1. Can you go through A:Glu48, A:Glu91, A:Glu105 and tell me which one is away from chain B (no Cβ under 13 Å) and in contact with a helix residue (DSSP H, G or I) (Cβ under 7 Å, 6 or more places away or on another chain)?
2. For A:Asp79, only one of the following conditions fails: (1) open to solvent by less than 10 Å² (accessible area, probe 1.4 Å); (2) under 28 Å from A:Thr230 (Cα atoms). What is its number?
3. For A:Asp79, all conditions in the list (1) at the interface with chain B (Cβ under 9 Å from one of its Cβ atoms); (2) more than 26 Å from A:Pro171 (Cβ to Cβ); (3) in contact with a helix residue (DSSP H, G or I) (Cβ under 7 Å, 6 or more places away or on another chain); (4) touching a residue at least 60 places away in the same chain (Cβ under 8 Å) hold save one; what is the number of the exception?
4. Against the definition (part of a helix (DSSP H, G or I), more than 12 Å from chain A (Cβ to nearest Cβ) and touching a residue at least 40 places away in the same chain (Cβ under 8 Å)), how does B:Glu217 come out, yes or no?
5. Mind checking which residues of the range A:313-343 are open to solvent by 50 Å² or more (accessible area, probe 1.4 Å) and not in a helix (DSSP H, G or I)?
6. Return the total of residues in the range B:139-164 being more than 26 Å from the chain's Cα centre (by Cα), within 21 Å of B:Thr65 (Cα to Cα) and within 13 Å of another protein chain (Cβ to nearest Cβ).
7. Output the residue which, of all residues in the range B:292-321 that are among the aliphatic types (A, V, I, L, M) and within 12 Å of another protein chain (Cβ to nearest Cβ), is farthest from A:Gly74 (Cα to Cα).
8. Pick from B:Ile314, B:Ile263: which is in the same structural domain as B:Met377 (by TED's automatic domain parsing), within 25 Å of B:Gln364 (Cα to Cα) and more than 33 Å from the chain's Cα centre (by Cα)?
Amino acid sequence: MQSVKLAASALAIAAVSASAAAARDNVQVAGSSTVLPYASIVAEAFGENFDFPTPVVESGGSSAGLKRFCEGVGENTIDIANASRAIREKEIKACADAGVTDIIEVRIGYDGIVFASQKDGPAFTAFEPADLYNALAPKVLVNGEIVDNPYTKWSEFNADLPDVEIAAFIPGTKHGTREVFEEKVLAVGCEITGAMEAMVASGMSEDDAEDACIAVRTDGKSVDIDGDYTETLARIDSNPNGVGVFGLAFYENNTDKLKVATMSGIAPSTASIASGEYPVSRPLFFYIKKAHIGVIPGLKEYAEFFVSDEIAGPDGPLANYGLVSDPELSETQGMVADETPMGSNM
Amino acid sequence: MTDATYQGGGNGSSLVASDARTKRRNASEARFRIYGLAAIGAGIFFLVVLLTAIVSNGIGAFQQTFIEVPVYLDPAKLDKQGNRNVDDIKKVSTFGYTPLIQAALWQQVQNEGIATDYTKAGDMKALISASAAAQVRDWVIAHPDRIGDTVDFKILAASRVDGYLKDRVSRESIAEDKNIDAGHLDLTDALREAGIVHKGFNTDFIFGSDASESRAEQAGLGVSMLGSLFMMLVVLLLALPIGVAASIYLEEFAAKNWFTDFIEVNISNLAAVPSIVFGILGLAVFIQFAHLPQSAPLVGGLVLTLMTLPTIIISTRASLKAVPPSIRDAALGVGASKMQATFHHVLPLAMPGILTGTIIGLAQALGETAPLLLIGMVGYIATNYPDGVVAGFMSPNSAMPAQIYEWAKRADPAYYERAWGGIIILLVFLLAMNVIAIILRRKFERRW
């Protein structure tokens with residue numbers, strides 16, 4: 001008889017699951033782990049202040065989030081993708097192929113990327129963009145010639161830097177942060193040191209030279225971290241000479257363990273990033289499926305709440321946590337209110 | 001048998017003095033014992049290190065710093081219409097409540113005559129958790145007639161202040177911190193003297209819900225515990241009947257041929273498949289094909305059922321095999337049908353083994369994170385209590401190990417402490433399940 005009861009319970013479960021596909025009443029968000037803290041702060045405040053349920057925010061990376069975003073339209077797909085980079089052409093195409101046509105792009109603000117080392121280790125207070133290129137590139141310019149990177153210590157190319165072995169912990173290729181690091185640090189350093197010019201002069205095509213500029217040496221001096229900033233922090237913790245790449249917000253929460261490195265003499269802060277003095281920053285975005293607005297309750301309200309002055313403004317909780325607020329926030333607010341999809345104003 | 005007596009002598013070996021070969025054998029046995037002891041010693045050493053690390057890192061999460069403060073519920077701010085209409089009161093967001101709470105604490109500081117360099121209520125921000133505004137707002141919405149009164153609230157202190165009382169934060173460690181200054185810590189000391197700030201047991205850590213990055217002090221494991229509970233229910237209700245039915249058929253009824261052998265080999269192989277594989281399968285089958293909701297404990301439970309089934313089938317078959325054939329033969333001999341023999345005699349005797357296997361399988365499923373990553377149960381999810389049983393299965397939730405993983409990734413060091421605290425709770429659950437398995441086995445096991 002017991003087995004009959006068990007079978008009945010199993011059937012009950014099956015019945016529940018049959019009615020599962022009924023309407024979803026919470027906003028579903030996925031994407032960048034850099035945007036996740038901000039999105040979670042907004043989602044929490046949204047749940048507190050509105051009668052809608054708290055949105056669900058998953059992480060997993062910008063690319064994974066946008067991939068899920070572009071799976072199609074419907075209740076079993078996500079409504080919003082968070083991204084720490086702009087959506088790519090081929091992702092827009094993938095979206096369109098799956099029927100996701102009207103996408104609203106929302107820029108929530110800027111995130112600073114900082115270099116930091118162990119609190120008790122040597123201070124890296126004299127970084128120039130060229131230094132990181134010299135330290136990390138597989139090929140550098142020495143005496144006007146492109147050679148395999150001969151440097152093993154920071155002080156070999158910048159006497160102001162400490163005389164310690166190069167040990168850099170940079171985000172792995174699956175992170176959106178890596179792209180910014182390549183673009184704003186390595187490529188810039190490549191130009192400044194003249195390596196780019198020398199490579200083109202030596203007969204490389206422009207494109208090949210650009211690719212060579214953002215390559216990273218593979219002899220163990222630079223380590224790709226595929227995990228989160230906590231993993232980078234653990235590496236720095238055990239290596240007094242290590243230099244790691246972090247988000248500004250993460251650094252500000254861990255000032256007791258980390259010492260920030262300055263770039264061209266400017267220390268990163270929300271102010272120096274907003275003014276553009278600190279060079280390494282990137283915009284953060286989220287993307288909304290316009291087709292879901294009006295279908296998923298609270299979706300538009302969440303988006304409007306996210307970019308409202310009291311949340312994303314310079315005195316809001318996001319700025320307090322480490323987001324550099326967008327000076328053009330009011331334009332974004334207008335865009336969300338009018339549900340203007342991408343491409344309609346270009 | 002005849003008694004054999006050793007005559008001695010013969011080849012010159014003596015019982016009293018052992019020869020070289022015996023010595024060697026004895027020495028090798030003694031060595032082996034030492035290896036064994038060393039292995040156990042190393043095991044115990046690591047266990048002690050692990051438990052000490054877990055307890056010392058996590059115990060702090062069970063304590064939390066609170067601030068007792070009477071808040072004046074200013075009608076001019078909270079109910080501008082003056083009609084105590086809940087819908088109008090709801091229009092005031094938590095941002096409208098924050099200044100009231102800061103003013104209330106500032107008032108307390110002045111009442112106590114605490115000397116400080118701070119000059120305005122806004123400076124109190126660093127001491128107060130962002131959760132306080134929501135706490136007061138919820139209370140006001142529930143008691144709109146109390147607007148205009150001064151009400152005592154017990155609000156959470158900010159995570160840095162909490163860390164200071166737990167010796168995680170010191171004046172040196174916050175030197176570069178922009179969220180709090182040394183002055184705030186001086187103020188905390190004074191408020192602690194006055195009994196306004198104090199540490200207490202943190203029930204919200206066990207029963208509360210997850211909080212965002214900026215409010216480590218508010219985060220709790222309760223909602224994800226419910227998520228785990230609902231998943232375990234699904235696993236129990238599906239894996240136990242299916243697993244037991246499959247094993248009974250295979251063990252008692254099925255013909256032994258190449259096909260059943262093939263099934264048997266496959267079940268053993270499935271037991272060794274990495275759990276992430278079941279996660280991918282779950283994503284493809286349950287979410288993308290069957291359109292079940294994402295992040296739902298139902299889907300998590302289904303995935304974990306797939307993972308637990310082989311474990312249950314293998315242990316059930318083993319305990320069915322352990323029932324002596326004489327029991328079956330006796331039952332069949334007095335005229336029972338095959339099914340009666342199985343259900344009346346064999347299955348009850350095998351039950352303790354089956355239950356033990358099931359509980360061990362459940363404990364394994366309870367600690368599983370990897371498959372949950374793929375079906376959307378990891379992230380900022382477990383924030384609302386599910387309203388009702390159906391919502392418990394269907395509405396988005398996380399699970400205990402997933403919540404711990406999520407906390408360990410967050411930037412605020414206060415979350416690190418909570419991750420360890422979560423491990424303590426998870427271990428208590430696993431321990432309890434294993435104890436239940438042992439008790440069941442002890443109580444019902446029969447030996448022949």
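1. The match here is A:Glu91.
2. Going through (1) open to solvent by less than 10 Å² (accessible area, probe 1.4 Å); (2) under 28 Å from A:Thr230 (Cα atoms) one by one, A:Asp79 breaks only (2).
3. (1)
4. Considered against the rule, which asks whether it is part of a helix (DSSP H, G or I), more than 12 Å from chain A (Cβ to nearest Cβ) and touching a residue at least 40 places away in the same chain (Cβ under 8 Å), B:Glu217 comes out as yes.
5. Scanning the range A:313-343 gives A:Pro314, A:Asp315, A:Pro327, A:Glu328, A:Met342.
6. 2
7. B:Leu302
8. Details: B:Ile314 fails: more than 33 Å from the chain's Cα centre (by Cα).
Result of the check over B:Ile314, B:Ile263: B:Ile263.
The values are calculated or read from the model by the stated rules, or taken from the named source; none is laboratory data. Here the structure is a predicted model, which means the values were calculated and not measured. FYI the Cβ positions are ideal-geometry reconstructions off the backbone, even for glycines, and counts take in every protein chain you see. Surface accessibility is based on the protein's heavy atoms, side chains included, excluding ligands, DNA and RNA. Shrake-Rupley method; radii C 1.70, N 1.55, O 1.52, S 1.80 Å.
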